Every structure is written in structure tokens, then in C-alpha cells.
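The values are calculated or read from the model by the stated rules, or taken from the named source; none is laboratory data. All figures in this text were calculated on a predicted structure; none of them were measured in a lab. Here the Cβ is made from the backbone with ideal geometry for all residues, glycine too, and neighbour counts use every protein chain on show. All accessible areas refer to the heavy atoms of the entire protein, side chains included, with ligands and DNA or RNA removed. Shrake-Rupley method; radii C 1.70, N 1.55, O 1.52, S 1.80 Å.
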Amino acid sequence: MPNIKSAIKRVKTSEVRRLRNNANKSRLNTARRSFLEVIAAGDAAKSMEAYKEFCSVIDKSAKKGVISKNAAARRKSRAYAKLNVEA
């Protein structure tokens, strides 16, 4: 445990950020899982709606810095490719 006051504060803020990032990553994985389940079901209208929801979650995560801008673009691109293959 750090002895310096600013280092103690950094430990606290780092922990808060870590928990927030984990929550956002969990939200991202949940959205991905539900998107893939809808695609597997085969309903085109629901698939497009799930894709939009997934992209929204990805964009929010990228905006908050949980994933990078390029990672967000890559994930959306791969999701769209899956959408077109399954449809």
C-alpha cells in the first residue's frame, strides 16, 4: 500500500475506473451475445434491430475509452458481415 497521499488517491481512483471498465466490458459482451443469439434464430427484422443496439453499445464503450476507436470499428464491421452472411 502506498504511503504518499497522492498515491493513495490514485489507488482509489484506479479501482473505481477498473470497476467501471469491467461493467462496460460486461455490457459489451452481453450485447454481443444477444446479437449472436438473434442472428442464430434467423429473424431478419430482429437481427437488424439487434445489430443497431450492439453498435450503440460499441460506440458508447469507444466514447468512454473502454475500447479503442479502431477496435469499435472492427467489431461493428465483423458484426455486419455476420448479419449479411446469416441473412
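Largest GNM mean-square fluctuation across Asn29, Asn70, Asn21, computed for the chain with C-alpha springs under 10 Å, falls on Asn70.
By how many degrees, between 0 and 90 and to the nearest 10, does the Cα long axis of helix 5-41 differ from the longest principal axis of the chain? So the inclination is approximately 10 degrees. Dipole orientation for the range 1-54: of the candidates Met1, Leu36, Asn21, Met1 has the Cα lying most toward the positive pole (charges on Cβ; Lys, Arg +1; Asp, Glu -1).
Rounding to the nearest 10 and keeping the result within 0 to 90°, find how far the Cα-based axis of helix 44-64 lies from the longest principal axis of the chain. Tilt relative to the chain: about 20 degrees. Estimated from the Cβ-Cβ distance and a Förster radius of 35 angstrom, the FRET efficiency linking Thr13 and Ser77 is about 0.55. Output the 0 to 90 degree angle, nearest 10, between the alpha-carbon long axis of helix 69-86 and the longest principal axis computed from the alpha carbons of the chain. Between helix and principal axis, roughly 20 degrees. Of Glu37, Glu53, Glu15, which has the largest mean-square fluctuation in a 10 Å C-alpha GNM of the chain? The residue with the greatest mean-square fluctuation here is Glu15. Shown for the chain is the translational diffusion coefficient from the Stokes-Einstein equation, using the Kirkwood radius over Cα pairs, a temperature of 4 °C and a viscosity of 1.567 mPa s: 89 µm²/s. Estimated purely from DSSP H runs of n ≥ 4, each contributing -39500 (n - 2.57), the mean residue ellipticity at 222 nm for the chain is -31000 deg cm²/dmol once divided by its residues.
Within the listed set Lys64, Lys46, Lys12, the residue fluctuating most in the Gaussian network model of the chain (springs between alpha-carbon atoms under 10 angstrom) is Lys12. Give the residue from Val85, Ala45, Val66 lying farthest towards the positive end of the charge dipole for the chain; charges sit on Cβ (+1 for Lys and Arg, -1 for Asp and Glu) and the dipole is referred to the Cα centre. Sorting the options by dipole projection puts first Val66. With protein chains left intact and a 1.4 Å probe, residues in the chain average 76 Å² of accessible area per residue.
About the centre of its Cα atoms, the chain shows a dipole size close to 780 debye [charges on the beta carbon of Lys, Arg (+1) and Asp, Glu (-1) only; nearest 20 debye].
Share of carbon and sulfur in the accessible area of the chain stands at 52%, probe radius 1.4 Å.
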